[in-house]
Amino acid sequence: MKRILAFLLLTLAHSGFAQYPKIGKIYRLDPELDEILDTSTPIELIATGFQWSEGPVWVKNGNFLLFTDVPNNIIHKWSEAKGLELFMNKAGYDKGHSYSQEPGANGLIINHKGNLVACQHGNRQLAEISLKDRKVIKSLAHLFEGKQLNSPNDLVQSKSGDYYFTDPPFGLPGRGIEEPAKELAFQGVYRIDRKGKLSVQEKTIERPNGLAFNPDQRILYVASSGENQPYIYAYKMKPNGDLGEKSVFYDKGGSDGMKVNSSGYVFATGRFTKEANSGDVLIINQAGKLIGRLDTGNKCSNVAFGENEKVIYITSSGNLLRLKLK
């Protein structure tokens, strides 16, 4: 059924008048949500058939979206003009033998040079990749103090050029904290400065996951998806670029990936409550108040804004979704 739906979506995209299936529901929890979106706007299913979609990033120079299918080790490309296309095979693991259940790339960004930077689970590194020939230019981080990273998960780049990324164990063969493949005794939040120096900024989060800056980059939000720490943390940035004082920004449920729009609203994938089984997209204001949620009917992994924040793209289990914003 998924293959049939995927074919229909691709056919619609090439037809020039795509009418995508509608999915999910929008819950308005506070009138403040009206500043961001119209709750009558449908959530659109624009592509499907993936095992676990992740890491969406909008490529302004080309008007297309890149996102990953982590278990299948693929990066896909989607555009309004051409629909779904294959962008890159062996996107997170390029060895011949089997490695883990999630060997592919996870978080993606476009860096200041205009290159793709991917968190590669299987290769256990941050890789800078050319958008033109889709080849790895260099590894930005692979070892910390002589030991392999766990499986880099998500990343951001600051205005000054520094990278920050999380390193949980999700891409390891057993996905756990205690296993033979794990070389580090912690799950870190790291910084790579402009000179390429790698430093660990946080060691105490059980499963650090998504991260995003607030608009003025004075705060870095870091999501924790561990059962014992189902929070979104806020770190004040020090003048030298290191992480400073830590506080709990949102404590109602764990989160995966997230993005912050230019008005400071946090769009975080996660559970509506600690007890909820499915994942939503939670819309949280700068005070940490939940003002709305997008219920897609599936677990959501991450989001990305399109051009000028007119739309938001959602990777939701085996689907790629889109919602138009104000």
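Coordinate-derived values only; no laboratory data. Source: prediction; values computed, not measured. So basically every Cβ, Gly included, is an ideal-geometry build from the backbone, and we count neighbours across all protein chains shown.
When Lys and Arg each count +1 and Asp and Glu each count -1, what net charge do the other residues less than 15 Å away from Ile110, Cβ to Cβ, add up to?
Surrounding charge for Ile110 is +4.
Among all the lysines, which ones have a C-alpha under 26 Å from Lys289's C-alpha, if same-chain residues fewer than 8 places away are not counted?
Filter leaves Lys25, Lys236, Lys238, Lys246, Lys252, Lys259, Lys274, Lys299, Lys310, Lys324, Lys326.
Using the Karplus curve 6.51 cos²θ - 1.76 cosθ + 1.60 with θ = phi - 60°, work out ³J(HN,Hα) for each residue of segment 26-31 in order, rounded to whole Hz, and write x for Gly and Pro.
Per-residue couplings from phi come out as 9, 10, 8, 9, 7, x Hz.
If amide hydrogens are placed 1.01 Å from N in the peptide plane, which non-local residues have theirs closer than 5 Å to the one on Thr68?
So Thr68 has HN proximity to Glu54, Gly55, His76.
Whole angstrom only: what separates the Cα centroid of segment 239-273 from the Cα centroid of segment 114-163?
Here the answer is 22 Å between Cα centres.
Can you compute the modelled spin-label distance between Ala81 and Lys159, with each label point 7 Å from Cα toward Cβ, in nm?
3.2 nm
First check a/c for segment 184-283, with a ≥ b ≥ c the square roots of the eigenvalues of its C-alpha gyration tensor; if it is under 1.5, answer rounded, and if not, answer prolate when a/b is larger than b/c or oblate otherwise.
In terms of gyration-tensor shape, oblate.
What percent do you get for the relative contact order of the chain when only Cα pairs under 8 Å and 6+ apart count?
Here the relative contact order equals 16 percent.
Based on the alpha-carbon gyration tensor of the chain, what equivalent-ellipsoid semi-axes (square roots of 5 times the eigenvalues) come out, in whole Å, largest first?
Each semi-axis is the square root of five times an eigenvalue, giving 28, 24, 19 Å.
Using the Cα atoms of segment 221-326, I'd like the radius of gyration and the largest Cα-Cα distance, Dmax, both in angstrom.
Over segment 221-326's Cα set, Rg and Dmax evaluate to 13.8, 42 Å.
Less than 11 Å Cβ to Cβ from Leu282, Lys/Arg counted +1 and Asp/Glu -1: what total charge do the surrounding residues give? Working shown, then result.
On the way: positive: Lys252, Arg271, Lys289, Arg293; negative: Asp256, Asp280, Asp295.
Cβ neighbours under 11 Å give a net charge of +1.
Multiply the residue gap between Asn308 and Lys326 by 0.36 nm, knock off their C-alpha separation, and tell me the result in nm, one decimal place.
Contour length minus Cα-Cα distance gives 5.4 nm.
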